[in-house]
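What follows is one structure encoded as structure tokens, with my remarks underneath.
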Amino acid sequence: MGAPSRKLRVLVVDDERFVIRALQRGLKDTAEVVACVSVEEALALLAIDHGYDVVLSDLGLEGRTGMELFHALEGEHPHLQRRFILMTGGYAAGDEHGVEILSKPFDLQGARALIARVAAEADAWSETR
């Protein structure tokens, strides 16, 4: 699979600023990264702008978890559930819900490949509906 013809839009939800900065730097050639530090901030942003190719959320956020964000999308933005990747440094039940997992620590090449694959698969699924 070649490089995408346009930059992807990726919403990153993580309360660790160094993870956000690493993803912004590592994805700058292939994606526009918008960052939030909490589930509440992400949901407020999604209420006005839900045009993301991928939502990449940490599992262990302060307050509500990344899985809670995934479930919250079901009501207003179910199309984003197919575009959801959960980052975690430990066990995650995400795969039991069909959620892609990006294990921390991760290498940026692997993260880029996973983001591109999830976006492409969601686009292909959307085109068949």
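The values are calculated or read from the model by the stated rules, or taken from the named source; none is laboratory data. None of these values were measured; they are calculated from a predicted model. Note: ideal-geometry Cβ built from the backbone for every residue, glycine included; neighbour counts use all protein chains shown.
A few notes on this one:
- Positions within the range 12-68 being without any contact (Cβ under 8 Å) to a residue 60 or more places away in the chain, assigned to a strand (DSSP E or B) and out of contact with any Asp or Glu (no Cβ under 6 Å at 6 or more places or on another chain), in sequence order: Val12, Val13, Glu32, Val33, Val34, Ala35, Cys36, Val55, Leu56, Ser57
- Among the residues of the range 44-90, the one identified as in contact with a strand residue (DSSP E or B) (Cβ under 7 Å, 6 or more places away or on another chain), surrounded by fewer than 20 Cβ atoms within 10 Å (Cβ to Cβ) and modelled with pLDDT of 95 or more is Leu45.
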